[in-house]
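In what follows, a structure is listed as structure tokens, so that the remarks can point back to it.
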Amino acid sequence: MTERRDFRNDKNRLWRIVLIALSFLFIVAMLVLPLAQVLHGALERGFPPFLKAVSDPYAVIALKLTLLITAMTVVLNTFFGISAAWAITRFEFRGKGFLITLIDLPFAVSPVIAGLVFIMTFGRLGWAYPFLQDWGIRIVFAIPGMVLATIFVTFPFVGRELIPVLTARGTDEEEAAILMGAGFFRTFWKVTFPHMRWALLYGVILCTARAMGEFGAVSVVSGHLRGKTNTLPLHIEILFKEYHTLQSFGAATILVCAAILILIARNVVESVSKKDDFHRARQGV
Amino acid sequence: MNPITEKIPTSDPGDPGPAAAGLSPFAGKIAGTPPATADRAARDADDAANDGSAREPARAPENHVSLSGVRKSFGNFVAADSVSFGLPKGTLGALLGPSGSGKTTILRMIAGLENPDRGDILIDGARVNDVHPSKRGIGFVFQNYALFRYMTVFDNIAFGLRAQKADRNRIRERVNELLTLTDMNGLEKRYPAQLSGGQRQRVAFARALAPSPRLLLLDEPFAAIDAKVRRELRSWLRAMITKLGITSIFVTHDQDEAIEVADLVIITNRGRVEQTGTPLDLYREPATPFVARFVGESTVLEDYGRLLGFENAPRGAKASVRPEFVHVCPPGDPVQYENSAENAEVLSVAFRGSSLEVKVGLKGFVLTTGYSLEHPALSVGEKVKILVWRVYAFEDDKARLVNNSRLESRGNGYNFAI
């Protein structure tokens, strides 16, 4: 978009070409080719076998389950993410730095460990097991556990996007709203929300992408009950292990397509929000 | 204590009077206050009569806002300490001080955006410390206006009324009223981004006033505006506040701004109130060395006893001198008070619009003063006779006016015109 100053001497030019070529080569070799391979594998025997693989009842159930878990996770994480970002940017309290570190924890912890944490808490050996038993609630090897595991893994996405935006905006406008007698919800919807909508949407998209593809943590807590607790990534793995390569690649195609759609959505959001910001920036705000 | 018993400036007979009337930022103020004051006094009397019947018998103009013994610290940093002052109804107060002196913290505590650690804040005689900011009835103009940038001018101004669940027609009526008042008619569909700095400030002002607050607070209202527009807005704001009769307090670090606009100035320094008074009081009777230095232009002299006529000063005592305390005898004119005039050298001459600013050196001091364009020209290096006729002597944490003893013994009756 912006014209960079060009240092057009030969040495720099050479470096530029080498670096750009390397980046492209890397991305093609590591990302594009494998993905193309998935598509190729799925369509190797033509379209009908692919359709059959995709419409396999277990694959459909797995897809539905994946969408359900993703939807629940995104809704809950949006809520928690906004709350955490709000608390961190709007209040002064003890342990704030600790809380910020905790938000990043899922990035540092292996998803498998996240899954084990829930097994150790809610499973047969966990301290919460007797209480859950009394109430007749199943968490581990059931949907609630899988949602919990996915929330754990995708928690940072929304909050991480919002914190910088809310920090940069400051608290003036909210203080102005409160001084004029506005309550919390009016202040949030009318004043704060418009500022963070693009960042929020961006965070939600990233969170969705991650939640749909989550494997490790969910794998530990799901129990792999086919038709019951198998999400699409788990289903793909099982098919692959059972040498149903074609079906496995077929199901994988669904995930790849979803990922591409999300990527497009992400780019649209990014460019629209940039235009929005640019528009305002140009007018001097 | 009533800080704003409007002392109409009558010059003291023994006082030669501010010599450099043209230089002094107070010159306009002396002539400028009375009309507004008379108006306001009448309204105050009215209010007092109305309130008096409902509450206790009318005491002399009661303070609409008052702070007593207010303290606020952030961690180890004490932002405000033992802050006490009062502001009568309908007056415009200025919190004046250098940056970091606690003035904004004080303003935010009145609004309820910060909680004081100690002390009481009273509005209309009631303690508001525990009243939520949204219930205090305060209009607040932020330094950067904090306009809602995703709302039009109309929606910005209507925000407070909508929060109060006002009737739709009432909202439109009130917003139009304020648009007219602030001369913003026709711009109501614009977004803040499409307005100039001055227009944004007027929207912020209208927005703060829309819910009819009891008290208007403004945090550095002119800081974000370029110098030229600032002067215009200053007088506009003064006129608006006078017209509406709303008690207001604004924060500023610019003494000209405070002096030109405010009825009462509260000078803060390092979290404490140094002095409260009318601009003229502060200028003529600074209570502390800080005020003497901060208000008006001044030069601080080390050991001022070396000057002719100030031999009685304690050894090493400091004092501050204002430009109008120093008189340069135009070359060629007969020298008045020959025995107390000193020989000095002109160090620099600078053009200041309506007069010249002259720096002269004598006995190691550098003094600044004004010099009329009508007098014979001065050149750098020229020897001139000068007269220092008064200083503010610093004694511990107090400042005291000291006149030139040689002039006092000779009687008075002379005015120094530059």
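Each reported figure results from applying straightforward, stated rules to the coordinates on display, with no laboratory input. None of these values were measured; they are calculated from a predicted model. Cβ: placed from backbone, ideal geometry, glycine included. Neighbour counts: every protein chain shown.
Miscellaneous remarks
- Karplus-derived HN-Hα couplings along the stretch A:54-70 (A = 6.51, B = -1.76, C = 1.60, θ = phi - 60°), whole Hz, x at Gly and Pro: 6, 8, 4, x, 5, 5, 5, 4, 4, 5, 4, 4, 4, 5, 4, 4, 4
- Using a Förster distance of 22 Å, the FRET efficiency for residue A:186-residue B:167 (Cβ separation, nearest 0.05): 0.80
- Across the stretch B:289-377, Cα pairs under 8 Å and at least six residues apart give a relative contact order of 24 percent.
- The stretch A:47-283: C-alpha gyration tensor shape, a/c 1.5 cut-off, then a/b vs b/c: oblate
- Entry note: the stretch A:27-84 has Rg to Rh equal to 1.20, where both radii use alpha-carbon atoms and Rh is the Kirkwood radius.
- With a cut-off of 9 Å between beta carbons, the residues surrounding residue B:119 carry a summed charge of +1, where Lys and Arg count +1 and Asp and Glu -1.
- Positive minus negative residues near residue A:96 (Lys, Arg vs Asp, Glu; Cβ under 14 Å): 0
- Summed over all non-identical Cα pairs, the Kirkwood treatment of the stretch A:148-213 gives a radius of 13.1 Å.
- Taking all Cα pairs closer than 8 Å and separated by 6 or more residues, the relative contact order of chain A comes to 29 percent.
- Reachable lysines from residue A:190, criterion Cα separation under 16 angstrom, eight or more residues apart if same chain: B:165
- Shown here for the stretch A:96-152: chymotrypsin sites (Phe, Trp or Tyr not before Pro) in loop regions (DSSP other than H, G, I, E, B) with at most 14 other Cβ atoms within 10 Å, namely A:127.
- Take A:182-193, A:22-33, B:162-173, B:287-298 and order them by the average number of nearby Cβ atoms within 10 Å per residue, most first; the result is B:287-298, A:182-193, B:162-173, A:22-33.
- Three-way shape call for the stretch B:239-377 based on the alpha-carbon gyration tensor, with the a/c threshold at 1.5: oblate
- Value of Rg to Rh for the stretch A:1-135 (Rh from inverse mean 1/r over Cα pairs, i.e. Kirkwood): 1.14
- Placed amide H near residue B:348: partners under 5 Å, 5+ positions off or other chain: B:359
- Per residue, the convex hull spanned by the Cα atoms of the protein assembly as shown amounts to 273 cubic angstrom.
- Debye log10 I(q)/I(0) at q = 0.15, 0.18 Å⁻¹ for the stretch B:80-150, Cα point scatterers: -0.56, -0.81
- Near residue B:215, the amide H atoms lying under 5 Å from its own belong to B:139; only residues 5 or more places off or on other chains count, and H is placed 1.01 Å from N.
- Rg/Rh, computed from the Cα trace of the stretch B:124-224 with Rh as the Kirkwood radius, has the value 0.98.
- Across the stretch B:196-352, C-alpha contacts under 8 Å between residues 6 or more apart give a mean separation that, scaled by the residue count, equals a relative contact order of 12 percent.
- Peptide B:144-155 has a mean of 4 when you count, residue by residue, the C-beta atoms of other protein chains within 10 Å of its C-beta.
- Label-point separation, residue A:120 to residue B:177 (7 Å along Cα→Cβ), nm: 6.6 nm
- 10 Å Cβ neighbours from other chains, averaged over peptide B:156-166: 3
- Residues whose placed amide H lies under 5 Å from that of residue B:272, excluding near-sequence neighbours: B:81
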